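Undergrad: Before I ask anything, here is the structure I am working with.
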Amino acid sequence: MQEGKEISLDGILEEFKNLLRESIQTASEVEMTSHLGYDKHQESDNSNYRNGTNKKTLKSKYGEVDVSIPRDRDGTF
């Protein structure tokens, strides 16, 4: 704890939601890599490729969490 900085339940909840958001987004990126069969920025002969992200709001028992889920060109992810 930093001196002079108070820790609140709301602050802890927000930090947890940030960790949850980062975990979901990282897992989604890893799954996209597996789905496409090649890493981000890697050349491939695959006609399907990454095509940005979609913003989603997930409802959890900790409240709503906004995430960016990757999408692919073919819409199969």
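Undergrad: Is it true that some residue in the stretch 64-77 is within 29 Å of N18 (Cβ to Cβ), touching a Phe, Trp or Tyr at 6+ places or on another chain (Cβ under 8 Å), at pLDDT below 90 and surrounded by 11 or more Cβ atoms within 10 Å (Cβ to Cβ)?
TA: no
Undergrad: Out of the residues in the stretch 1-20 that are among the aliphatic types (A, V, I, L, M) and in a loop (DSSP other than H, G, I, E, B), which is nearest to D74 (Cα to Cα)?
TA: I7
Undergrad: What number of residues within the stretch 21-76 satisfy the criterion of being touching a residue at least 24 places away in the same chain (Cβ under 8 Å), touching a helix residue (DSSP H, G or I) at 6+ places or on another chain (Cβ under 9 Å) and not in a strand (DSSP E or B)?
TA: 4
Undergrad: Do we have T57 as exposed (fewer than 10 other Cβ atoms within 10 Å of the Cβ), modelled with pLDDT of 90 or more and at negative phi here?
TA: Answer is yes for this residue.
Undergrad: Just checking, how many residues over the stretch 1-49 are closer than 23 Å to V65 by Cα, touching a Lys or Arg at 6+ places or on another chain (Cβ under 9 Å) and surrounded by fewer than 10 Cβ atoms within 10 Å (Cβ to Cβ)?
TA: Residues in the stretch 1-49 being closer than 23 Å to V65 by Cα, touching a Lys or Arg at 6+ places or on another chain (Cβ under 9 Å) and surrounded by fewer than 10 Cβ atoms within 10 Å (Cβ to Cβ): 0 in total.
Undergrad: Could I ask something else about it? Which condition does N54 not pass, out of (1) more than 15 Å from D72 (Cβ to Cβ); (2) within 15 Å of the chain's Cα centre (by Cα), if it passes all the others?
TA: All conditions are met except number (1).
The values are calculated or read from the model by the stated rules, or taken from the named source; none is laboratory data. Since the model is a prediction, treat every value here as computed from it, not as a measurement. Quick reminder, even Gly has a Cβ in these numbers, built from the backbone with ideal geometry, and neighbours come from all protein chains shown.
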